[in-house]
1. Please go through segment 360-378 and pick out each residue that is outside any strand (DSSP E or B) and more than 8 Å from the chain's Cα centre (by Cα).
2. Can you tell me which condition residue 47 does not meet? The list is (1) more than 10 Å from the ligand (Cβ to nearest atom); (2) at pLDDT 95 or above; (3) under 20 Å from residue 212 (Cα atoms), and all the others hold.
3. With respect to the numbered conditions (1) at pLDDT below 95; (2) more than 10 Å from the ligand (Cβ to nearest atom), which one is the sole condition not fulfilled by residue 3?
4. Residue 227 passes all but one of (1) at pLDDT 95 or above; (2) under 17 Å from residue 26 (Cβ atoms); which number fails?
5. Testing residue 16 on (1) without any contact (Cβ under 8 Å) to a residue 24 or more places away in the chain; (2) within 10 Å of the ligand (Cβ to nearest atom), one condition comes back false. Which one is that?
6. Given the residues 40, 63, which is the only one that is assigned to a helix (DSSP H, G or I), crowded, with 24+ Cβ neighbours inside 10 Å and within 11 Å of the ligand (Cβ to nearest atom)?
7. Looking only at segment 382-402, count how many residues are within 16 Å of residue 52 (Cβ to Cβ) and in contact with a helix residue (DSSP H, G or I) (Cβ under 8 Å, 6 or more places away or on another chain).
8. For the condition surrounded by fewer than 20 Cβ atoms within 10 Å (Cβ to Cβ), assigned to a loop (DSSP other than H, G, I, E, B), within 23 Å of the chain's Cα centre (by Cα) and at pLDDT 95 or above, what is the one hit in 116, 152, 93?
Ligand SMILES: Cc1cc2nc3c(=O)[nH]c(=O)nc-3n(C[C@H](O)[C@H](O)[C@H](O)COP(=O)(O)OP(=O)(O)OC[C@H]3O[C@@H](n4cnc5c(N)ncnc54)[C@H](O)[C@@H]3O)c2cc1C
């Protein structure tokens with residue numbers, strides 16, 4: 001369980017947000033939502049906006065899961081690329097999934113603009129190749145997206161241009177996505193919570209949902225507050241979220257398909273004039289490693305750098321040193337710069353990196369396993385879960401067609417097998 005907000009640069013620069021009460025009694029709502037990250041809040045604000053009574057149960061604090069800890073990178077499209085989707089679910093569903101992802105982007109930017117959510121959204125996302133070769137693959141991708149999907153926001157960048165743009169010569173070229181971007185993730189989550197509450201959603205913090213059961217035509221959700229008090233929510237529909245923090249309430253099928261892994265980020269001190277020579281266009285950057293390095297600048301000229309992960313409960317003891325090693329491989333010239341913050345978070349991955357979205361039982365739906373790409377998608381998937389709760393299940397049905405097999409090895413062996421597999425791919429980054 002996440003204990004609350006880590007000592008991140010995001011928490012240090014969060015817009016003020018009230019401490020919300022824990023649930024101390026029994027209550028009723030049309031829809032109960034478990035988890036106050038982007039997915040749960042996206043569902044809550046949609047339901048509340050449409051006049052549905054909604055209660056959100058959050059085991060820790062609003063946005064204290066991946067939604068308040070992530071790299072803030074806003075990726076275009078689904079987590080799987082369109083060619084993989086075409087092969088896996090066919091051209092028609094691949095097109096629908098692309099359209100859905102574009103709707104997710106419009107929704108996110110619309111939310112930020114309409115509700116004036118102060119999360120510093122900035123445009124531009126650079127994909128940088130960490131190995132030589134691969135130009136043809138990038139060119140084919142840019143071409144495919146333009147001609148099959150009409151997406152003209154991608155442009156190739158050569159090695160020299162990229163070196164000038166980023167202020168490092170470790171990359172071999174790549175492409176820019178002008179439709180992507182980056183933002184302050186925690187302020188997005190807090191902003192979404194404010195909008196949901198203003199529309200009538202009730203959020204309880206420090207309140208874990210421990211079990212649910214059907215009683216006649218209703219669903220009963222049992223809760224346990226951190227303060228030790230228990231409660232219960234009686235509802236007609238239940239929405240389960242959790243991503244990397246997914247726990248037993250989601251059931252064995254979900255837990256077999258969504259695996260938690262930890263990923264880490266640092267923030268440097270403000271770089272002053274040096275900031276002008278690093279990522280000149282102010283885009284976000286993600287490289288092509290299996291364990292990706294991803295970085296961007298904060299509005300006050302810090303480098304926010306994500307790198308390194310582990311596959312067991314608990315974070316490395318010295319996170320600043322752990323992530324700094326990755327940063328110095330990309331920016332050796334920053335060895336004299338102080339790291340002011342470092343933190344970790346947990347995200348849910350699936351075997352094929354497709355999100356796990358299902359109706360688990362009548363009236364009980366789940367979305368998790370964004371595999372590191374939930375900033376743009378999760379608020380919209382929350383909206384789709386809300387639509388399904390209100391009778392329009394088209395979006396959830398489409399996402400349910402994405403294959404999300406259980407991790408190999410069954411409940412006992414899946415951890416060692418998956419960790420061995422992930423470690424092998426991580427090692428290949430170093431070759
Ligand atoms: C370090 C890191 C970097 C990342 N970088 C990026 C990035 O740059 N771009 C990107 O698109 N994505 C990124 N991600 C992924 C992104 O953060 C997630 O996909 C997204 O936040 C998922 O939102 P969510 O609401 O589904 O889950 P979360 O935000 O993780 O929220 C789940 C919530 O559910 C609560 N919960 C769980 N079980 C219970 C229960 N039983 N009762 C009550 N509450 C419960 C948890 O306390 C938690 O607050 C990153 C993730 C991490 C950890």
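The values are calculated or read from the model by the stated rules, or taken from the named source; none is laboratory data. Because the structure is a prediction, the values reported are computed rather than measured. Neighbour counts run over all protein chains shown; Cβ positions are idealised from the backbone, glycine included.
1. Those that are outside any strand (DSSP E or B) and more than 8 Å from the chain's Cα centre (by Cα): 362, 363, 369.
2. Just one mismatch for residue 47, condition (3).
3. Checking residue 3 against (1) at pLDDT below 95; (2) more than 10 Å from the ligand (Cβ to nearest atom), the one that fails is (2).
4. Every listed condition holds for residue 227 apart from (1).
5. (2)
6. Numbers: 63 fails: assigned to a helix (DSSP H, G or I).
On inspection, the qualifying residue turns out to be 40.
7. Taking segment 382-402 and keeping what is within 16 Å of residue 52 (Cβ to Cβ), we get 382-393.
With the extra rule that they be in contact with a helix residue (DSSP H, G or I) (Cβ under 8 Å, 6 or more places away or on another chain), the set shrinks to 382-390, 393.
Residues flagged as within 16 Å of residue 52 (Cβ to Cβ) and in contact with a helix residue (DSSP H, G or I) (Cβ under 8 Å, 6 or more places away or on another chain) within segment 382-402 amount to 10.
8. Just one listed residue meets the conditions, 116.
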